[in-house]
Amino acid sequence: MSEVAVISRPLKTNPSSSGSVLIIDDETEIRESLQTLLEMEGFDVETAVSGEEGLLRIGEHPYDLVLLDLALPGRDGMDILSELHAHDERLPVIMITAYGTVENAVHAMQSGAANFVQKPWDNEKLLADVRAAVGWRRAEEENVQLKRALKQRYNFENIVGKSEPMLKIFDLVAQVATSRSTVLLQGESGTGKEVIAKAVHLNSPRRDRPFVPVNTGSMPTDLLESTLFGHVKGAFTSAVASKKGLFKVADKGTLFLDEIATMGMETQAKILRVLQDRKFMHLGGIQEIQVDVRIIAATNVDLRQLVREGRFREDLFYRLNVISIELPPLRQRKEDIPLLVEHFLKKYAEENERPLLRITPEALRPLLGYSWPGNVRELENVIERAVVLSSGDEIALDLLPDSMMGRGSSVAMNDSHPDASLFEIVEDCERRIISDMLEKCNWNQTEAAERFHVPLSTLNQKIRRLNIEIRKKGRG
């Protein structure tokens, strides 16, 4: 690569800007027109007159987006596109050309371009494409940084979230992990209770010992007890050989008892004894076995109510409920949905040996508005299905189930700005959720904060940030 003298003002790094854009085009009029247009919209813009100069700039500064001319002197834009992605494979690049043919567009998109624009361009369409590309770049960077921070602070491999409820759970998990106390995870089905249980284990002194999950609701009582405690040969008709139970397998480690509320009363009594004495016996055995097992239990029902109804042992409940962690449903932390979508897109692209896909802003809107009765598990299934069925490089509306398209939506999404960026979509969704709740509470912020399970100060901060107008109580 030849040396190029770079003479221009330094790149602005205003964190409140719309994003940073590098324009690579050999025509002065084109560069200046694009720069003026983008700077009027709040973007920080730098320009380069050749591909070589553009590559030098990429090595000096991070950018959210590159606008790249296809017909450059010397090395053409397709060649430069390849080198840009060799430097940063996730850098969005929009190709610009006066020779906009279908073949060029297909070639550019197949080579990794985010979009393709023909000169002369439509300003509004170009700005919409730029906002969308910059939005996805920032969302991805935020996701990467969040995962890196969680990995450094904790050992959280697969937990994704930046919402206030999830950040509190992260801190709580970090606090309780080092103890040997039992933990009770409560929340609706699909909220990620096993993922949190694994995080507790991986951040504990037991991390190098087994983590053993068992779904207690999927087995009849005899099979469950044999699975948990093991049995000796001849303990029952089909016991043709002795079997080591999961309590013994999990010795010095963690046993995760999912759907604990489905256990019969007799099995509950045996679990209670292990918690009290750290001893148990094989089915049909007479010898007590000492174990050191940490128990993490999970339920999607109200155990206190079951205790009142006589269907769950009160003494076992208090043994399990030493440390309780309540997992919020996905509908109460919708700001985490874009991060979760990116996480699952990457996961299932790798599993299916596909290139990494993007979800369009139009497809994200119904995901943000949907009520998610199946929580994170349902969202994961939707994204897996979309990845498997996709034939292109984007997840669009046609790849979403019918249930996402307007039915089951807890918030009517605003379609008046179809070119809104990812962050504008998320903020609009959050603004509508909070406004709807405030209206339901007759604009009583204290009551709304209690319903959201967040501190009043947190709700007030969001109200100010989102410019939500508080009406006087009693107004229609």
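The values are calculated or read from the model by the stated rules, or taken from the named source; none is laboratory data. Just so we're clear, the structure is a prediction, and the values are computed from it rather than from any experiment. With ideal geometry, Cβ positions are generated from the backbone for all residues, glycine too; neighbour counts draw on all protein chains shown.
Being surrounded by 14 or more Cβ atoms within 10 Å (Cβ to Cβ) and not aliphatic (A, V, I, L, M) is the filter here, so list the residues in the stretch 77-89 that pass it. Spell out the reasoning first.
Of all residues in the stretch 77-89, those surrounded by 14 or more Cβ atoms within 10 Å (Cβ to Cβ) come to 77-78, 80-81, 83-85, 88.
Matches in the stretch 77-89: 77, 83, 85, 88.
So residue 298 clears everything in (1) in contact with a strand residue (DSSP E or B) (Cβ under 7 Å, 6 or more places away or on another chain); (2) touching a residue at least 40 places away in the same chain (Cβ under 8 Å); (3) surrounded by fewer than 17 Cβ atoms within 10 Å (Cβ to Cβ) except one condition, right? Which one?
Condition not satisfied by residue 298: (3).
Considering only residues that are of a type in the set (S, T, N, Q) and surrounded by 17 or more Cβ atoms within 10 Å (Cβ to Cβ), which ones fall in the stretch 306-328? Outline the logic, then answer.
Step one: filter the stretch 306-328 for residues of a type in the set (S, T, N, Q), giving 321, 324.
None - no residue of the stretch 306-328 is of a type in the set (S, T, N, Q) and surrounded by 17 or more Cβ atoms within 10 Å (Cβ to Cβ), so the list stays empty.
Spot the failing condition for residue 346; the list is (1) in a helix (DSSP H, G or I); (2) farther than 30 Å from residue 432 by Cα; (3) basic (Lys, Arg), and only one is missed.
If we test residue 346 against (1) in a helix (DSSP H, G or I); (2) farther than 30 Å from residue 432 by Cα; (3) basic (Lys, Arg), just (2) comes out false.
Select, from 151, 193, the only residue that is of a type outside the set (Asp, Glu), under 18 Å from the mean Cα position of the chain (by Cα) and modelled with pLDDT of 90 or more. I'd like the intermediate steps shown before the answer.
Numbers: 151 fails: modelled with pLDDT of 90 or more.
When all the criteria are applied, what remains is 193.
Would you mind telling me which numbered condition in (1) under 27 Å from residue 302 (Cα atoms); (2) surrounded by fewer than 14 Cβ atoms within 10 Å (Cβ to Cβ); (3) at pLDDT 90 or above; (4) not hydrophobic (A, V, I, L, M, F, W, C) residue 186 fails?
(2)
If we scan the stretch 341-351, do we find a residue that is modelled with pLDDT under 90, surrounded by 18 or more Cβ atoms within 10 Å (Cβ to Cβ), in contact with a helix residue (DSSP H, G or I) (Cβ under 6 Å, 6 or more places away or on another chain) and closer than 30 Å to residue 171 by Cα?
So far as the stretch 341-351 goes, yes, one or more of its residues are modelled with pLDDT under 90, surrounded by 18 or more Cβ atoms within 10 Å (Cβ to Cβ), in contact with a helix residue (DSSP H, G or I) (Cβ under 6 Å, 6 or more places away or on another chain) and closer than 30 Å to residue 171 by Cα.
Which ranges mark the strands (runs of 3 or more DSSP E) fully within the stretch 225-331 that have 2 or more residues being of a type outside the set (Asp, Glu) and closer than 30 Å to residue 368 by Cα? Spell out how you get there, then give the answer.
Details: elements: 254-258, 279-281, 288-290, 294-299, 323-326.
In the stretch 225-331, the matching strands (runs of 3 or more DSSP E) lie at 294-299, 323-326.
Name the single residue that is modelled with the lowest pLDDT among those in the stretch 286-295 being surrounded by fewer than 19 Cβ atoms within 10 Å (Cβ to Cβ) and charged (D, E, K, R).
In this case the residue turns out to be 288.
Any idea which of (1) at pLDDT 80 or above; (2) over 17 Å from residue 23 (Cα atoms); (3) surrounded by 20 or more Cβ atoms within 10 Å (Cβ to Cβ) is the one residue 156 doesn't satisfy?
Result: residue 156 fails condition (1) only.
Out of 257, 283, 224, 303, report the one residue that is crowded, with 17+ Cβ neighbours inside 10 Å and either over 30 Å from residue 177 (Cα atoms) or not assigned by TED's automatic domain parsing to the domain that holds residue 191 (or both). Please lay out each step first, then the result.
Numbers: 257 fails: either over 30 Å from residue 177 (Cα atoms) or not assigned by TED's automatic domain parsing to the domain that holds residue 191 (or both); 224 fails: either over 30 Å from residue 177 (Cα atoms) or not assigned by TED's automatic domain parsing to the domain that holds residue 191 (or both); 303 fails: either over 30 Å from residue 177 (Cα atoms) or not assigned by TED's automatic domain parsing to the domain that holds residue 191 (or both).
Testing whether each residue is crowded, with 17+ Cβ neighbours inside 10 Å and either over 30 Å from residue 177 (Cα atoms) or not assigned by TED's automatic domain parsing to the domain that holds residue 191 (or both) leaves just 283.
Looking only at the stretch 31-61, which residues are more than 17 Å from residue 91 (Cβ to Cβ) and touching an Asp or Glu at 6+ places or on another chain (Cβ under 7 Å)?
31, 49, 50
How many residues, within the stretch 181-203, are of a type outside the set (A, V, I, L, M, F, W, C) and either closer than 18 Å to residue 246 by Cβ or outside any loop (DSSP other than H, G, I, E, B) (or both)? Walk me through it before giving the result.
Kept after step one, since they are of a type outside the set (A, V, I, L, M, F, W, C), are these residues of the stretch 181-203: 181-182, 186-194, 198, 201, 203.
Filter once more, so that each one left must be either closer than 18 Å to residue 246 by Cβ or outside any loop (DSSP other than H, G, I, E, B) (or both): 182, 186, 193-194, 198, 201.
Within the stretch 181-203, residues that are of a type outside the set (A, V, I, L, M, F, W, C) and either closer than 18 Å to residue 246 by Cβ or outside any loop (DSSP other than H, G, I, E, B) (or both) number 6.
Scanning for something modelled with pLDDT under 90, over 19 Å from residue 324 (Cα atoms), of a type outside the set (D, E, K, R) and over 13 Å from the mean Cα position of the chain (by Cα), does the stretch 200-208 turn up at least one residue?
no
Here are 223, 202: which of them is without any contact (Cβ under 8 Å) to a residue 12 or more places away in the chain and over 16 Å from residue 298 (Cα atoms)? Spell out how you get there, then give the answer.
On the way: 202 fails: without any contact (Cβ under 8 Å) to a residue 12 or more places away in the chain.
The match here is 223.
What number of residues in the stretch 359-375 are touching a strand residue (DSSP E or B) at 6+ places or on another chain (Cβ under 6 Å) and surrounded by fewer than 19 Cβ atoms within 10 Å (Cβ to Cβ)?
As a first pass, look at the stretch 359-375 and keep what is touching a strand residue (DSSP E or B) at 6+ places or on another chain (Cβ under 6 Å): 359-360, 363, 369-370.
Applying the additional criterion that residues be surrounded by fewer than 19 Cβ atoms within 10 Å (Cβ to Cβ) yields 360.
Of the residues in the stretch 359-375, 1 are touching a strand residue (DSSP E or B) at 6+ places or on another chain (Cβ under 6 Å) and surrounded by fewer than 19 Cβ atoms within 10 Å (Cβ to Cβ).
Only residues in the stretch 186-199 that are more than 16 Å from residue 380 (Cβ to Cβ) count as the first member; pair them with residues that are among the charged types (D, E, K, R) and in a loop (DSSP other than H, G, I, E, B), Cβ under 9 angstrom, at least 6 apart or cross-chain, and list the lot.
The qualifying pairs are 186/302; 199/157.
Using the structure shown, decide if residue 316 is touching a strand residue (DSSP E or B) at 6+ places or on another chain (Cβ under 6 Å) and farther than 28 Å from residue 110 by Cβ. Break it down into steps so the answer makes sense when it comes.
Working: touching a strand residue (DSSP E or B) at 6+ places or on another chain (Cβ under 6 Å): no; farther than 28 Å from residue 110 by Cβ: yes.
For residue 316, the condition - touching a strand residue (DSSP E or B) at 6+ places or on another chain (Cβ under 6 Å) and farther than 28 Å from residue 110 by Cβ - is not met.
Could you say whether any residue in the stretch 64-75 is β-branched (Val, Ile, Thr) and modelled with pLDDT of 90 or more? Break it down into steps so the answer makes sense when it comes.
Of all residues in the stretch 64-75, those β-branched (Val, Ile, Thr) come to 66.
This time we only want the ones that are modelled with pLDDT of 90 or more, so: 66.
Yes, some residue in the stretch 64-75 is β-branched (Val, Ile, Thr) and modelled with pLDDT of 90 or more.
Might you let me know whether the stretch 236-245 holds any residue that is out of contact with any strand residue (DSSP E or B) (no Cβ under 9 Å at 6 or more places or on another chain) and touching a residue at least 24 places away in the same chain (Cβ under 8 Å)?
no
If you go through the stretch 312-345 one residue at a time, how many are more than 22 Å from residue 400 (Cα to Cα) and touching a residue at least 12 places away in the same chain (Cβ under 8 Å)?
At the first step, the residues of the stretch 312-345 found to be more than 22 Å from residue 400 (Cα to Cα) are 312-328.
Keeping just the survivors that are touching a residue at least 12 places away in the same chain (Cβ under 8 Å) gives 312-313, 315-317, 319-328.
Residues that pass the stated criteria total 15.
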